[in-house]
1. Going highest first, how would you order 76-85, 180-189, 243-252 by mean Cβ packing within 10 Å?
2. Could you look at segment 1-113 and say what percent of its accessible area is carbon and sulfur, using a 1.4 Å probe and all protein chains?
3. For the chain, what proportion of DSSP beta bridges, expressed in % and rounded to the nearest 5, is antiparallel?
4. Would you calculate a helix-derived [θ] at 222 nm for the chain, using -39,500 (n - 2.57) for each DSSP H run of n ≥ 4 and dividing by the full residue count, to the nearest 500?
5. Average projected area of the Cα convex hull of segment 191-327, in nm²?
6. Per 10 Å bin, what percent of the C-alpha pairs of segment 221-296 does each bin hold, from zero upward?
7. Length gain on complete extension for the stretch ALA87 to PHE299, per 0.36 nm per residue less the alpha carbon to alpha carbon distance?
8. Can you give the direction-averaged projected area of the convex hull of the alpha-carbon atoms in segment 117-238, in nm²?
Amino acid sequence: MATTLEQTVCINNDFTGKDVVSIGQFNRNDVEVVMREAAIVAAGVREGGLDRSLSGMLVANLFYEPSTRTFLSFEAAAKRLGADTIATQGVEYSSISKGETLEDTIRTVERYADIITLRHSRVGAAALAATVAEKPVINAGDGVGEHPTQALLDLFTIRQKLGHTDGLRVTMVGDLKNGRTVHSLARLLAMHEVQLNYVSPKELAMPEALTWELADSGARQHATPDLDEVLPETDVLYVTRIQKERFENEAAYLQHKGRYVVDRSAMDRAPADMILMHPLPRVGEISLEVDADPRAVYFDQVENGMFVRMALLTLIAGRSAVPRAAKQTASPAAV
Ligand code: NCD
C-alpha cells in the first residue's frame, strides 16, 4: 500500500490492503482481531476443514536474510489458505547481487503478486517497500528493527498457555539490543498491564530509544544483567539468541555467547507455572534436556506462527469471514 515514509498507516480495525511494518500500527482492538482470527484458523486447521479463502491469490515471499520458520510458515500459511506463492531466498540468486535497488525489486514483484512479505538486513526496509508498493507489504524482519508477526504469534502463545496477558511478568533474556523479536514483543506487551524485565549484559541492553518510548506509554520496565534476580518472579521467560550476524567480529560475539543458558537447574529455580519461550533458532541458550519440561513451549510457538500468519493474510486480503465491531475512523499515524 503506497504511503509516505513517515506515514505507515494505523490498522484501526481495517486490515484490508494494509501493510504490516511495525507493531506501532496496531491498537489493542486490532491485536484482539488478529488473536480471534488466528484462533478460528487454528481450529479450522486442527479439525481438517480447509479454508480456501485466499484462492486465486499469489503471495511473494522475499527473504534476503536466512530463515526457516518465518519463511516456511508464510509459505504454509498462504498455501493452506488456497493461495499460491513465489519466493526468493538469499541475495546471491536475485538481482540485488547485480546492484538492483530494493525499490526496483518491489516494483517488479508487485506486478506478479497480491501480497509481499519481506525479510531484509536493513532497518526500515519493509517501511521503504511499503512506500513503493501499491500492494500490501508484511515485515518478516528488518535487520535489528522489528519482527511484528513474531510478536503477534508470541502473544497468541502466551494467551493459549496462560489464558491472559494483563498482570503478567515477562522476562526477556539475551541479545536485547540486536534481537528484533524482543523489540516488537516489548511494544506489543506494553499495550497490556505487564511487568517487563530485561536481562542482558549492558552492551546488549534494550535500545534506549525503545525503553523511553515504552516508558512514555506507561510501561513498567526493569533491566538487570542477573537472570536469577527476576527468575523466581517470572510468568513468561523469553530467551533469545546472541545475534552473531550483527557483531563486528567473531571475538565480540564470543564475548557474549553462552552468557545465559537455561538448563535443568535454571528450570528448577523457576516458577512451576511459568512458560519458557524462544523465537528459535536456539544455539545453546536452552539445553536440550529442557525440551521435555511441560513449561517449554517453543515448538508450539512455531505452529502458532503459521496460524497467526494465516490470520494476517486473511485479514489483509479482506477475506475474513469473522464479523468485527463497527469500524473506527481510520487515521494515519507515524510509527
Ligand atoms: C528470529 C529472527 O529472525 O529474528 N527468528 C525467527 O524469525 N523465528 C530470531 C533469531 O533469528 O534469533
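The values are calculated or read from the model by the stated rules, or taken from the named source; none is laboratory data. All of these numbers come straight from a predicted model, not from anything done at the bench. As a convention, Cβ positions derive from the backbone with ideal geometry for all residues, glycine included, and neighbour counts pool all protein chains shown. With ligands, DNA and RNA removed, areas are computed over all heavy atoms of the protein, side chains included. Shrake-Rupley method; radii C 1.70, N 1.55, O 1.52, S 1.80 Å.
1. Top of the packing list down: 180-189, 76-85, 243-252.
2. That fraction is 52 percent.
3. 5 percent
4. -10000 deg cm²/dmol
5. Its Cα hull, projected and averaged over all orientations, spans 11.4 nm².
6. Result returned by the calculation: 17, 49, 27, 6.
7. That pair, ALA87 and PHE299, stretches by 73.9 nm at full extension.
8. 7.9 nm²
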